[in-house]
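S.K.: Here you go, one structure.
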Amino acid sequence: MTRQRKNDWLKVLLPLTSGVVAIVLSLLLFDNCPIGIVICLIVLFVSLICSLYFFVSKSREEQRRKDYTYATIHELKTPLASLQLLAEMLSDETLSLDTENKKRLLSEVKSQIERLKGLVQNVLSNAKADNGSVAIRLQTFGLNDLLFELADSFSDKIKQADGSLSVETNETDIALTTDKDLFSNIIINLVENAIKYSDKQTLIRLVVKPFEKGCMVIVQDKGVGISSKDTKHIFKKYYRADGSSKTQSKTSFGLGLYYVARTAKALRIKIKVESTPGEGSSFILLLPEKMITNTRQEKQS
């Protein structure tokens, strides 16, 4: 039995054990006393409720883990099946593909490979976060430059969604000192989440604004939105908001927002969510003052 499973069972058994001990002590101290009997019943009831709560919570977590495992396998199979079909088409001499069609198919192969890499990286990143093995490498970089660079990397996906992705910054570029790769992954996951839960012709904005002595980065979309009930839980592991079924299949369980929350915490970045169902969501990253090294005037083009 693993250490985690032992801890889980302790959470279930400890309230019961404590309840039994309390009952025995109550009987010894209040023998044949109505007050003692009442105390025993109260202690037993509370112990049963606590044990039931831990057991139900664990069962739900286990079911979500199983659902995520099945969903991950399903999502991995999809690009693999596409790659197999594309490989067969490219190798089929009877199709007599011209150069343009070959380029189109090869572009699709690249897209499916990138999708596959993203799925695998998502699982690995969350495994590292769970193990507490996220290594932080500090470096200084321009926030505006990074956001424009990341926006460019989404050009193909945005084009496929017939949408737009804009970057709105101040005239003064902000120099951040943090882990550039981890910070980039936070933005990437939030943008991918915005694309995933938005309809066609989606509008996504990356906005930089001052915040107290630091600044904030906002990833805003015009997607399905999130209910107030779900916003309390969306950063939990394996959690899927009710609205996600409108744009995704039942198998769409992800760890993107869970990874975002864990990584933001590791970088000492606070994250907030503002959302209205049917109108869209804003994920707000609050960057502390100590993360901002300096500012520099944007280069004039």
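Quick note: the coordinates plus some simple rules give every number you see, no bench work behind them. All values derive from a computational prediction rather than experimental measurement. Methodologically, a virtual Cβ is constructed for each residue, glycine included, from the backbone with ideal geometry; neighbour enumeration extends over all protein chains shown.
S.K.: Jot down the radius of gyration and Dmax of segment 139-297, Cα atoms only, both in angstrom.
M.R.: In order Rg, Dmax, the Cα atoms of segment 139-297 give 15.3, 48 Å.
S.K.: Restricting to Cα pairs below 8 Å that are 6+ residues apart, what does the relative contact order work out to for segment 139-297? Please round to a whole percent.
M.R.: Once normalised by length, the contact order is 28 percent.
S.K.: Rounded to the nearest 0.05, what FRET efficiency do Lys117 and Ser228 give with R0 = 45 Å and r taken as the Cβ-Cβ distance? Could you check?
M.R.: So, using R0 = 45 Å, E works out to roughly 0.80.
S.K.: A further question follows. Tabulate in residue order the Karplus-calculated ³J(HN,Hα) for segment 180-189, using 6.51 cos²θ - 1.76 cosθ + 1.60 with θ = phi - 60°, rounded to whole Hz; enter x for Gly and Pro.
M.R.: Karplus values, whole Hz, x for Gly and Pro: 5, 5, 5, 5, 4, 4, 4, 4, 4, 5.
S.K.: Something else now. Could the peptides 90-103, 256-269, 142-155 be put in order, highest first, of the mean number of other beta-carbon atoms found within 10 Å of their residues?
M.R.: 256-269, 142-155, 90-103
S.K.: Turning to a different aspect of this structure: Which value in nm describes the separation of the simple spin-label points at Glu212 and Gln139, placed 7 Å from the Cα toward the beta carbon?
M.R.: Using points 7 Å along Cα→Cβ, the separation is 2.9 nm.
S.K.: Given a cut-off of 29 Å, name the pairs among Lys159/Lys232; Lys180/Lys209; Lys77/Lys229; Lys117/Lys290; Lys157/Lys213; Lys159/Lys229 whose C-alpha atoms lie farther apart than that in the structure shown.
M.R.: Check vs 29 Å cut-off fails for Lys159/Lys232; Lys77/Lys229; Lys117/Lys290; Lys157/Lys213; Lys159/Lys229.
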